[in-house]
Structures are given as C-alpha cells and as structure tokens.
Amino acid sequence: DAGVTQSPTHLIKTRGQQVTLRCSPKSGHDTVSWYQQALGQGPQFIFQYYEEEERQRGNFPDRFSGHQFPNYSSELNVNALLLGDSALYLCASSFGNRGTTGYTFGSGTRLTVV
Amino acid sequence: KQEVTQIPAALSVPEGENLVLNCSFTDSAIYNLQWFRQDPGKGLTSLLLIQSSQREQTSGRLNASLDKSSGRSTLYIAASQPGDSATYLCAVRSGTNAGKSTFGDGTTLTVKP
C-alpha cells in the first residue's frame, strides 16, 4: 500500500522565482493538507484541499496557492520566492475533512531559496 | 487560537530507561491528538492517534494518554533504545471544520547506549 508520495525531494530556487511541489495521497485518502516546517520548529499549516477546493487556510500570503486534481493528488505553488520560504514542505493526506482520521505524511520537499 | 507546547525541548536518557514526553494545548475542544516521530531531515511518522472520546492508545512500547479537561497528553516510552532517538511531535486537530492540526515544536530525544 503506497503511502504519501512527494516530489521533488530537494529543490534549489532563486529569489523571485516560482516553484511547484507535488503530492500524491495515500491510497483511500481524499484530503490533502500542506505544511511548512522551518528548522527546529513544528510544522505550520498552509492549507487543506478536499473535493478539489481549498477548505481551510493558515496564515500564509496569497503567494502560496494550491490545487487538487480529480485523482486527489495536489500541487503547492509558491510565487515570488523569498529567502524566508526556505523550509521543508510536508504533504499530509487523510480521509474526509472532519477530523475523524489522522494524518499520513510524506517525506517532504526540501526547498532552498538562494 | 489553539496553542500547543511540548516540554522538555530536549531530553537525554540512558538506554533502558522509561520516559514521558509532555504535550499541552490551550483549547480543549479537539477532534483528535496525534503523536509523530521525525528523524533529522525526514517526514513525520505517525505513532499514535487518540480520538477526542478516548483516554489512551497503546502500540508496543508506546502509550499515549489524553486528558482534555486539563489540556494535556503524555507519550510514555518503555525500555528506551538508541533507535528511539528522534524528535517527537504532537499535533492537535481542532477548530472550525477540523481543517487543520496545530503542532508543538517537538521534544528531541537522545537515547545513549
């Protein structure tokens, strides 16, 4: 049973550029949430996608946007990259969006902005 | 706004010792609480999920308890091993639509042989 798959694993971008990160949820899961984790800190919620719509959003600027496809996979897009966007980006999948199931996380994408 | 605190931030113990990690949260209206393990530079591995209606969950040498009224959860690790060395994070699912989990900053555990 495949878990959550994220790609790419590592990425180096220049300030001002745009980046797209991808996530395939665990089989049987239909909800995808994205988190940003800075070094030494706990993950911070970016947003959640369910039924191809953004259902909830954390305290992140509009430069962060996403999409969910009919097969439940998801993309995270970040525009106009800043040095402070350097972090580990984690995708978590779950079933339903009502908090009855726990998260399964992927291995993350390490983004470095130079 | 939910706030989650984990104490201590770091813990070093000799192999074989039993230990307790603490997680406290400010809003008791939660859906669930989940404990994770994170190895350096890696993703999060789920250890235990406790639903709001439950008091504890057990898996092998791990036992997690939940006390909503006091806003606390503990993760008990029995007979610690060097392979248990990692950062342990707790995440509390709460808020409108249960859309997100709020994480603590974790406890970094080192088990010395």
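The values are calculated or read from the model by the stated rules, or taken from the named source; none is laboratory data. Given the structure is predicted, the values throughout are model-derived calculations rather than measurements. Note that we place each Cβ from the backbone using ideal geometry, even for glycine, and neighbour counts take in every protein chain shown.
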Scanning the stretch B:28-40 for residues that are within 11 Å of B:Arg93 (Cβ to Cβ) and surrounded by 15 or more Cβ atoms within 10 Å (Cβ to Cβ) gives B:Ile30, B:Tyr31, B:Asn32, B:Leu33, B:Gln34
Return a yes/no flag: does the stretch A:51-59 have any residue that is surrounded by 19 or more Cβ atoms within 10 Å (Cβ to Cβ) and closer than 25 Å to B:Ala91 by Cβ.
no
Heads up, the strands (runs of 3 or more DSSP E) in the stretch B:43-113 (entirely inside) with at least 1 residues that are β-branched (Val, Ile, Thr) are B:44-51, B:56-59, B:72-77, B:86-94, B:100-103, B:107-112
Residues of the stretch B:59-69 being among the hydroxyl-bearing types (Ser, Thr, Tyr) and touching a strand residue (DSSP E or B) at 6+ places or on another chain (Cβ under 8 Å), in sequence order, are B:Ser59, B:Ser65
Output for Cβ contacts, cut-off 8 Å, separation at least six or different chains, first residue charged (D, E, K, R) and assigned to a loop (DSSP other than H, G, I, E, B) in the stretch A:8-31, second surrounded by fewer than 15 Cβ atoms within 10 Å (Cβ to Cβ) and modelled with pLDDT of 95 or more, reads A:Arg15/A:Leu82; A:Arg15/A:Leu83; A:Arg15/A:Val114
Expected single match for of a type in the set (Ser, Thr, Tyr) and either within 11 Å of chain B (Cβ to nearest Cβ) or crowded, with 23+ Cβ neighbours inside 10 Å (or both) among A:Ser24, A:Ser65, A:Ser86, A:Ser74 is A:Ser74
